[in-house]
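Q: The structure's right below; bear with me while I get my questions together.
What follows draws every value from the coordinates through simple rules; no lab data is involved. Predicted, not measured: the structure shown is a model, and the values here were computed from it. FYI the Cβ positions are ideal-geometry reconstructions off the backbone, even for glycines, and counts take in every protein chain you see.
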Amino acid sequence: MNRVVITGLGIYSCIGTNLDEVRDSLYNGKSGIRFDAERKPLGFRSALSGTVPTPNLKGLLDRRMRVGMAQEGEYAYMSTIEALANAKIDEDYLVNNEVGILFGNDSSAKAVIESTDLARVKLDNTLLGSGLIFQSMNSTVTMNLATIFKLKGINLTVSAACASGSHSIGLGYFLIKHGLQKAIICGGAQEVNPYVMGSFDGLSAFSIRENEPEKASRPFDKDRDGLVPSGGAATVIIESYESAIKRGAPIIAEIVGYGFSSSGNHIIQPNVDGPMRSLINCLNDAGLKATDIDYINAHATSTPVGDACEAKAMTEVFGENGPLVSSTKSMTGHECWMAGASEIVYSTLMMQNSFVAPNINFETPDEDSEKLNIATKTVEKNIDIFLSNSFGFGGTNSSLIIKKYKNFN
């Protein structure tokens, strides 16, 4: 089996549009949640959202490429050019080697709605233009990036609700581990606009703390009242160890475990068994014990039931007062399809800089979270091994374990 290493990271999120900005936001517990007034006239119960700036792609991409890119594709392009530069991969390398792409994405709502609205006005579909086709397909990120970067390896969108980004990295790890690919651009992308979030708002899934946006996302806190939607994009370049060494790549960390499961009960309501099996499978794949984990970036989205189930699952696997835990969603909100990838980036930045980011807004534990070792403020800590959880609607669960590169033996 091949060892699988991380050689590049890129991020474009509500807490920063590059690695340095995001590292500082994580360390300082800075929230990216704001009140989006545009949502109220559309009937939103909650107008809270992570806010992500619109990239300026003029000068970076020609117009023909730009018109076919949905919002999430623009974010993903920005995170990917940073990750490729970080990994020291240039255009010549991409052209002359078989590099693949696996990106998590589970909607392109804005493009679908805009094309439908335009068709109703024009009453002539030939006037819609081809760009909306490529924006509206769920594979919009991978089809655009594979074309832009002239990729020749696997080209696949992973659609698994809020575990999409995590599964993309896990599946990439699996393909490289078994020798089917040498290098893959993995990640997750999430559009940030009212169109994609209206139905979620209709489920009363969102926090309504509109008068204090930065305190609205409260993972594990007793007084949490729902998640805050967010988005952006995150890219993780993964390679076989041999490939990375051969090209002199800057190796950051090693992926050592991928666990997954299906909860198999309710399409929305989580349970304890599914996440617990994902955690156990991940530890088994890595050949590690629960006590080997230094830090867990929890899925915890700030929903009453979801956080409780995850807390119970972690207590079952790691015992009471186990490894340090925080949910970076306390700062970013729930980045949905990108979250599993962005939280690998966030946690790796913590590993590189020897700190655990705080679970901000955690003020009062409940009967489940009081059993966890939650970091309520920034903790200076050497992290050798961390675990990241991602769970989604339909009961899809994914867990990843990452090990610091210096610990190779």
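Q: Rounded to whole Å and ordered largest first, report the semi-axes of the equivalent ellipsoid of segment 225-287 derived from its Cα gyration tensor (root of 5λ).
A: Largest first, segment 225-287 gives 32, 19, 8 Å.
Q: Run the simple label-point estimate for residue 51 and residue 18 please: 7 Å along Cα→C-beta, distance reported in nm.
A: 2.1 nm
Q: Quick one: which residues, 5 or more positions from residue 325 or on another chain, have an amide H under 5 Å from its amide H? H modelled 1.01 Å from N in the peptide plane, none for Pro or chain starts.
A: Amide H neighbours of residue 325: 296, 373, 374, 375.
Q: So who's got an amide H within less than 5 Å of the one on residue 100, skipping anything under 5 residues away but keeping other chains? H placed 1.01 Å off N, in plane.
A: Sorted by chain and number, the residues that satisfy this are 153, 154, 183, 184, 185.
Q: Next question, about the same structure. Percent of Cα-Cα pairs more than 36 Å apart in the chain, please.
A: Considering the chain, 19 percent of its Cα-Cα pairs are separated by more than 36 Å.
Q: Taking 0.36 nm per residue of separation and subtracting the Cα-Cα distance, what length does fully extending residue 178 through residue 269 add?
A: Length difference between fully extended and current span is 29.3 nm.
Q: Pop a pseudo-label 7 angstrom from the Cα along the beta-carbon direction at both residue 152 and residue 66 and give the gap in nm to one decimal.
A: Result for the modelled spin labels: 3.1 nm.
Q: Given a Förster distance of 25 angstrom, what is the FRET efficiency for residue 88 paired with residue 58, based on the Cβ-Cβ distance and rounded to 0.05?
A: 0.45
Q: Between 171, 16, 97, whose Cα lies farthest towards the positive end of the dipole of the chain when Lys and Arg beta carbons carry +1 and Asp and Glu beta carbons carry -1, centred on the Cα centre?
A: Most positive-ward Cα: 97.
Q: Could you work out the relative contact order of segment 4-246? I mean the mean sequence separation of Cα pairs under 8 Å and 6+ apart, divided by the number of residues, in percent.
A: It rounds to 32 percent for segment 4-246.
Q: Right, here's the next one. What ranking, highest mean first, results for peptides 28-37, 310-319, 118-127, 227-236 when packing means the other Cβ atoms within 10 Å averaged over each residue?
A: By packing density, highest mean first, the sequence is 227-236, 310-319, 28-37, 118-127.
Q: Of 200, 141, 387, whose Cα points farthest to the positive end of the dipole of the chain (charges on the beta-carbon: +1 Lys, Arg; -1 Asp, Glu; origin at the Cα centre)?
A: After comparing all options, I get 141.
Q: If you stretched the chain out fully between residue 352 and residue 384, how much longer would it get, using 0.36 nm times the residue separation minus the C-alpha to C-alpha distance?
A: Computed gain between residue 352 and residue 384 is 10.6 nm.
Q: Tally the DSSP beta bridges in the chain and give the antiparallel ones as a percent, rounded to 5.
A: Approximately 65 percent, going by the DSSP bridge assignments.
Q: Quick check of the Kirkwood formula: for segment 1-118, what is the inverse mean of 1/r over all pairs of different Cα atoms, in Å? Don't jump to the answer; show the numbers that get you there.
A: Values: mean 1/r = 0.0584 Å⁻¹.
Across segment 1-118, the inverse of the average 1/r is 17.1 Å.
Q: For residue 34, which sequence-distant residues (separation of 5 or more, or a different chain) have an amide H within less than 5 Å of its own amide H, given hydrogens modelled in the peptide plane?
A: 49, 50, 51
Q: Follow-up. Give me the distance in nm between label points sitting 7 Å out from Cα along the Cα-to-Cβ direction at residue 204 and residue 284, one decimal.
A: 3.9 nm
Q: Seen from all sides and averaged, what is the projected area of the convex hull of the Cα atoms in segment 258-407, in nm²?
A: Over every viewing direction, the Cα hull of segment 258-407 projects on average to 7.9 nm².
Q: Can you compute the equivalent ellipsoid semi-axes for segment 4-246, i.e. the square root of 5 times each eigenvalue of the Cα gyration tensor, sorted largest first and rounded to whole Å? Working shown, then result.
A: Numbers: eigenvalues 188, 118, 48 Å².
Those come to 31, 24, 15 Å.
Q: DSSP H helices in the chain with Cα extent of 18 Å or more along the helix axis and mean Kyte-Doolittle hydropathy at least -0.5? Each step should come with its number before you reach the end.
A: On the way: long enough: 71-86 (23 Å, -0.40); 109-122 (20 Å, 0.09); 164-177 (19 Å, 0.53); 273-286 (20 Å, -0.21); 304-318 (21 Å, 0.26); 339-353 (21 Å, 0.36).
What comes out of the filter, once short or polar helices are dropped, is 71-86, 109-122, 164-177, 273-286, 304-318, 339-353.
Q: For the chain, what does the relative contact order come out to in percent, with C-alpha contacts under 8 Å and a separation of six or more?
A: This gives 24 percent for the chain.
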